[in-house]
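Right, one structure below, let's go through it.
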Amino acid sequence: MNAYDIIKRSIITEQSMAEGELKKYTFEVDRRANKIEIAKAVEEIFGVKVAKVNTMNYDGKKKRLRYVEGRRPNWKKAVVRLTEDSKTIEFFEGMI
């Protein structure tokens, strides 16, 4: 898999922006990717050093439109913590 296939999008919330000061960044990632692949992808895309990766699997929410029931897709979230000597990710700097 390509690094851009592993990292799907960044997650921008109040909590993730507050953690940006601690060099923690949140991403939606491919469900099949493991922590090592996620760390390598972030290092390759942003040119930083990753200290730790925490992952969480989420089930899609149930949705209903009149009589038809369905589900949103399941997804995976990764919280990436950078090393102390690493630079910050420039994408998030204007938002913090």
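The values are calculated or read from the model by the stated rules, or taken from the named source; none is laboratory data. The model shown is predicted, which means the values in this text are computed figures rather than measured ones. Using ideal geometry, Cβ is built from the backbone for each residue, glycine included, and neighbour counts are taken over all protein chains shown. We work out accessible area using only protein heavy atoms, side chains counted, and drop any ligands, DNA or RNA first. Shrake-Rupley method; radii C 1.70, N 1.55, O 1.52, S 1.80 Å.
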> Quick check: anything in region 20-30 touching a Lys or Arg at 6+ places or on another chain (Cβ under 8 Å) and part of a helix (DSSP H, G or I)?
Replying inline: yes
> When the residues of region 46-79 are filtered to those that are open to solvent by 60 Å² or more (accessible area, probe 1.4 Å), free of Cβ contacts under 8 Å to residues at least 24 places away in the same chain and not in a strand (DSSP E or B), which remaining residue is farthest from residue 13 (Cα to Cα)?
Replying inline: 67
>> Which residue is modelled with the lowest pLDDT, if the candidates are limited to region 14-37 and must be under 12 Å from the mean Cα position of the chain (by Cα) and closer than 19 Å to residue 90 by Cβ?
In response: 16
>> Between a residue in region 1-23 that is open to solvent by less than 40 Å² (accessible area, probe 1.4 Å) and any residue that is among the hydroxyl-bearing types (Ser, Thr, Tyr) and modelled with pLDDT of 95 or more, which pairs come within a Cβ distance under 6 Å, given they are 6 or more apart or on different chains?
In response: 11/26; 16/26
